[in-house]
Amino acid sequence: MNDFDPNQGNPADPAGTQPAGGQPVGDQSGAATPPPAQPAAATPPPVQPAAATPPPTDPAAAQPAGQAAAGGATSDYTFGQIWDNFNTNIQLPPHQLQFDETRFLRLLAGSISLTRDEKWKIIQFVPKLTQHKVEQLMNILEEEQRKFQELSTEHGEHLQKLEEKHASEWKDLEYKFDQKNKRDEDSGKADDIRKSLGL
């Protein structure tokens, strides 16, 4: 089908224009034939549907991961809080040093930069330390605690989980200490029996 051209005549009325002689075509009464109807206006192109509006964004979900984590971590927990009521059965080996042993063990237990095995080795090594070395070690442990306390506001939740892990490992050391004491006690009793028998 050919496209409609508004510059041409009405395709429905090919005789609607004047004849070649220029005289209007009339009916038997002599009335002039009305002018041809104007072509209908071209139909506008179909309107494209508007793009769907996305659902409103959740402000919490739109936060960057770092901010979201920080927001979730802001709590009342402060690094070191888990050790507030510190009490342990671990005792340092005999030594000639002057320092607060309870404070030393509390700082050592609360360190999250030292492994369980490293803490155990330090305990056993205390008698070989000089006064300066033990004071230096305590200063390092106190500085570690202070720095992590400053991070508690933003990373309290993560730090709490780390401290809970190290608290569990300290309980392992306490059990190890009990087992060692029991072995030493049993060994001492065996020595006494041998001496009594003259062996």
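Derivation of every value follows stated rules applied to the coordinates shown; laboratory data play no part. Quick caveat, the model's predicted, so the values are computed rather than measured. Methodologically, a virtual Cβ is constructed for each residue, glycine included, from the backbone with ideal geometry; neighbour enumeration extends over all protein chains shown.
Okay, here's what the table says:
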read-out	value
Number of positions in segment 101-110 that are surrounded by fewer than 18 Cβ atoms within 10 Å (Cβ to Cβ) and touching a residue at least 24 places away in the same chain (Cβ under 8 Å)	1
Selection within segment 120-150 - in contact (Cβ under 8 Å) with a residue 40 or more places away in the chain and under 17 Å from Gly80 (Cα atoms)	Gln145, Phe148, Gln149
Unmet criterion (only one of (1) under 21 Å from Asn87 (Cβ atoms); (2) of a type outside the set (A, V, I, L, M); (3) within 24 Å of the chain's Cα centre (by Cα)) for Thr153	(1)
Residues of segment 132-181 satisfying the condition of being of a type in the set (Gly, Ala, Ser), surrounded by 12 or more Cβ atoms within 10 Å (Cβ to Cβ) and closer than 17 Å to Asp117 by Cβ	Ala167
Residue within segment 190-198 that is surrounded by 11 or more Cβ atoms within 10 Å (Cβ to Cβ) and small (Gly, Ala, Ser) present	no
Conditions (1) over 27 Å from Pro94 (Cβ atoms); (2) surrounded by 11 or more Cβ atoms within 10 Å (Cβ to Cβ): number failed by Pro127	(1)
